[in-house]
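These notes are about the structure you will find just below.
The values are calculated or read from the model by the stated rules, or taken from the named source; none is laboratory data. Source: prediction; values computed, not measured. For neighbour counting, all protein chains shown are included, and Cβ atoms are generated from backbone atoms with ideal geometry for every residue, glycine included.
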Amino acid sequence: MLLTLLALLAFAGNSLLCRLALRHTAIDAASFTLVRLVAGALGLGLIARWRDGARSPGQAAAGNWPSALALFAYAAAFSFAYASLSAGTGALLLFGAVQASMIGWGLFQGERLRGLQVAGWAVALAGLVGLVLPGWAAPPWQGSGLMLAAGMAWAVYTVRGKGQGDPLQVTAGNFARAVLPAALCSALLWRGTTLDAAGLACAVASGALASGVGYAVWYTVLPALRVTTAATLQLAVPVIAAAGGIVWLGEALSLRLLLAAPAILGGIALVVAGGRRR
């Protein structure tokens, strides 16, 4: 349980570190993405080497370019979105988009939802639409669109990752490959490049600790958890991110977020619960 809590804190930490860097330091979103992916590749590679020793095949033998591009798309959209979104709103949009995309993919593949799952899907979708619908206290549409795109890219990455081998090795290889498009993106946007020590520290912590250590711990505890338990536990990530944003970043808890969060998270919980085998 302690390791599971550590992994969930690390996942929420990505949102908090990115928002902290882009709001309170001088680093730009493209540079944050590049440094995060470099630090993640190094961190995951070292963890894999430490775990497997000489048996580790190395990053070059793991991962693939389509998955790496999906990972880059997620990381880049995630960073640029947090230039305008609060930590809690961003995490909620990301989580909702990931789950909605994966459920949609399951339906496309021929899976069928039960009555409780259909109700949960409708409630979650209504909450997601209500969160981004233009009007009073709505989050910026540019940031919302980017975060929804980040969630869809992460869903693609997750779906592609099934059955591709050891998750830690594959993730390390994909992080290493994703550095190339991130470097190209940063080069194209070089006129807007701004760096400082605090921003670089946040990016390194996001990549090496929140991503590297977080994923390593999660893959360690995942075999001990039921699939439905793992999915339900991840419902806590947006809540932790929102609480952290309020406590540490001084963000306000809007009424719109307060109403949308239970709908999105509760709806997804119904879908997960309804999918359990009798």
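Remarks
- Any hit, segment 147-167, residues being at pLDDT 95 or above, outside any helix (DSSP H, G or I) and surrounded by fewer than 20 Cβ atoms within 10 Å (Cβ to Cβ): no
- Pairing each residue of segment 158-169 that is over 16 Å from Gly106 (Cβ atoms) with any residue that is assigned to a loop (DSSP other than H, G, I, E, B), provided the two are 6+ apart or on different chains, yields C-beta distances under 7 Å for Gly165/Ala62; Gln169/Pro57; Gln169/Ala62.
- Filter result for Gln99 (part of a helix (DSSP H, G or I), surrounded by 15 or more Cβ atoms within 10 Å (Cβ to Cβ), touching a residue at least 40 places away in the same chain (Cβ under 8 Å) and more than 21 Å from the chain's Cα centre (by Cα)): no
- Subset of segment 217-257 (residues that are farther than 25 Å from Gly130 by Cα, over 15 Å from the mean Cα position of the chain (by Cα) and crowded, with 18+ Cβ neighbours inside 10 Å): Val217
- Within the option set Gly212, Gly199, Gly207, being assigned to a helix (DSSP H, G or I), of a type in the set (Gly, Ala, Ser), closer than 19 Å to Leu5 by Cβ and in contact (Cβ under 8 Å) with a residue 60 or more places away in the chain holds for one residue only, Gly212.
- The set of residues in segment 60-96 that are among the small types (Gly, Ala, Ser) and either touching an Asp or Glu at 6+ places or on another chain (Cβ under 8 Å) or not in a helix (DSSP H, G or I) (or both) comprises Ala62, Gly63, Ala83, Ser84, Ser86, Ala87, Gly88.
- Residues in segment 52-63 include none that are closer than 22 Å to Ala243 by Cα and either at pLDDT 85 or above or not aromatic (Phe, Trp, Tyr) (or both).
- The condition (being in a helix (DSSP H, G or I), touching a Leu at 6+ places or on another chain (Cβ under 7 Å), in contact (Cβ under 8 Å) with a residue 24 or more places away in the chain and under 17 Å from Ser15 (Cα atoms)) is satisfied by just one residue among Val221, Val237, Val179, Val217: Val237.
- For the criterion of being surrounded by fewer than 19 Cβ atoms within 10 Å (Cβ to Cβ), closer than 17 Å to Ala197 by Cα and either modelled with pLDDT under 95 or in contact with a strand residue (DSSP E or B) (Cβ under 8 Å, 6 or more places away or on another chain) (or both), Arg23 passes.
- Test: residue in segment 105-112 that is more than 18 Å from the chain's Cα centre (by Cα), aromatic (Phe, Trp, Tyr), assigned to a helix (DSSP H, G or I) and modelled with pLDDT of 90 or more: no
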